[in-house]
1. Looking at residue 303, is it in contact with a Leu (Cβ under 7 Å, 6 or more places away or on another chain) and of a type in the set (Gly, Ala, Ser)?
2. Please state which of the following conditions residue 135 fails to meet, knowing it meets all the rest: (1) over 24 Å from residue 293 (Cα atoms); (2) loosely packed, with under 15 Cβ neighbours inside 10 Å.
3. For the range 66-78, what are the residues that are under 29 Å from residue 40 (Cβ atoms) and either more than 27 Å from the chain's Cα centre (by Cα) or of a type in the set (S, T, N, Q) (or both)?
4. What number of residues in the range 244-257 are under 13 Å from residue 292 (Cα atoms) and either touching a residue at least 40 places away in the same chain (Cβ under 8 Å) or out of contact with any Leu (no Cβ under 8 Å at 6 or more places or on another chain) (or both)?
5. For residue 183, work out the one condition from (1) crowded, with 16+ Cβ neighbours inside 10 Å; (2) part of a helix (DSSP H, G or I) it doesn't fulfil.
6. Kindly indicate whether any position in the range 51-74 is modelled with pLDDT under 95, of a type in the set (Gly, Ala, Ser), within 25 Å of residue 142 (Cβ to Cβ) and in a strand (DSSP E or B).
7. Determine, yes or no, whether residue 125 is in contact with an Asp or Glu (Cβ under 8 Å, 6 or more places away or on another chain) and either farther than 28 Å from residue 290 by Cβ or among the basic types (Lys, Arg) (or both).
8. Could we say that residue 308 is outside any helix (DSSP H, G or I) and surrounded by fewer than 14 Cβ atoms within 10 Å (Cβ to Cβ) here?
Amino acid sequence: MIQSNIAFIISHLQVVGDLPVEILPNYIFRSATDSEVEQIKKIVKESLPYGRTTWVPYDAEVVETINSIGHTSYSHAPLPKERWKYWVIAFEGQNEKIHELQSLSRLMPINFEIGLQLFYSEKGKKMAHILISPYAALRYSNWDQAFGKPEIITTAQIASIGELHKMYQNLPDQFNFVRIAVQNFSSLSDIPNGSDLVIVGLFAIIESLITHAPRLSESLDSINHQITNKIMLLRKRFSREVLPKGYFMDAGEDKIWKKLYSYRSAVAHGTPANFEGDHQILKDRVTVIKFLQDNIKELIILGLKEPEFLYDLRKC
């Protein structure tokens, strides 16, 4: 039997449902084999930055212990092999579609990240591999990843990545703005969330999907007005609920979006956001980024499903 090439999922995932899952023809999501696990472990160890030793516990579960004085400590308890969380996408030939699947998998409500790739000869000997990116290596070797709980993903959600890919491939050129949004959103995922530039980039994607440039008869505040009104309208067509009240302090949705756009404008003009003052209802940068990302994911999925609808809406 010829050894398939594999792309390893570095996210900490607990999969619910029957395996394997066909994402696309010849692109199969499954558990890693014993030999693949050994190779993955070796490459992960090579990827650890700055002498770090922590990583996602694919073969362990996190145990929380509280001592007599209330101090909490965390440790790893080994899992039986049948419960290991080494997941791969096995594929044949070139890896072009793997890169596309990575971009589209970033539209999932949970974190689904392709980290490294292994390529094999016809005799099953490993010929080459693509390392984990430096940013991903930093992110997945921190304490939260090493001692956090796995995110739950269903096999139906995994299969849906293939459905998104089919829609992505079949987009007419007229709706290329949706394809560009997929690519830009994926690129932004590689920028650390500690950078305020992520905010500007996320707003640029929202604007590209649902707004038109202000007309001569419209004020410069038109973009903010368009985003607020159109997002509130489009939310009824989202596949899941993304409401401001689930992220921010209690306030009207129009006020939240105005504050968000104010934050974006402050960054664009070199002024720091003030989460103790004017931007207090937004809590913090991480919360803002999460909210914008979740809205963009739903906007892009809507654009893949109904590109003509978004195309027409942009003109309004």
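1. yes
2. Here residue 135 meets the rest and fails (1).
3. Selection gives 73, 75, 77, 78.
4. Number of matching residues: 5.
5. (1)
6. Looking for residues that are modelled with pLDDT under 95, of a type in the set (Gly, Ala, Ser), within 25 Å of residue 142 (Cβ to Cβ) and in a strand (DSSP E or B), one finds at least one in the range 51-74, hence yes.
7. no
8. It is false that residue 308 is outside any helix (DSSP H, G or I) and surrounded by fewer than 14 Cβ atoms within 10 Å (Cβ to Cβ).
The values are calculated or read from the model by the stated rules, or taken from the named source; none is laboratory data. A quick note: this is a predicted structure, and the numbers were derived from the prediction, not measured. No Cβ is skipped: glycine too gets one built from the backbone with ideal geometry, and neighbour counts run over all protein chains shown.
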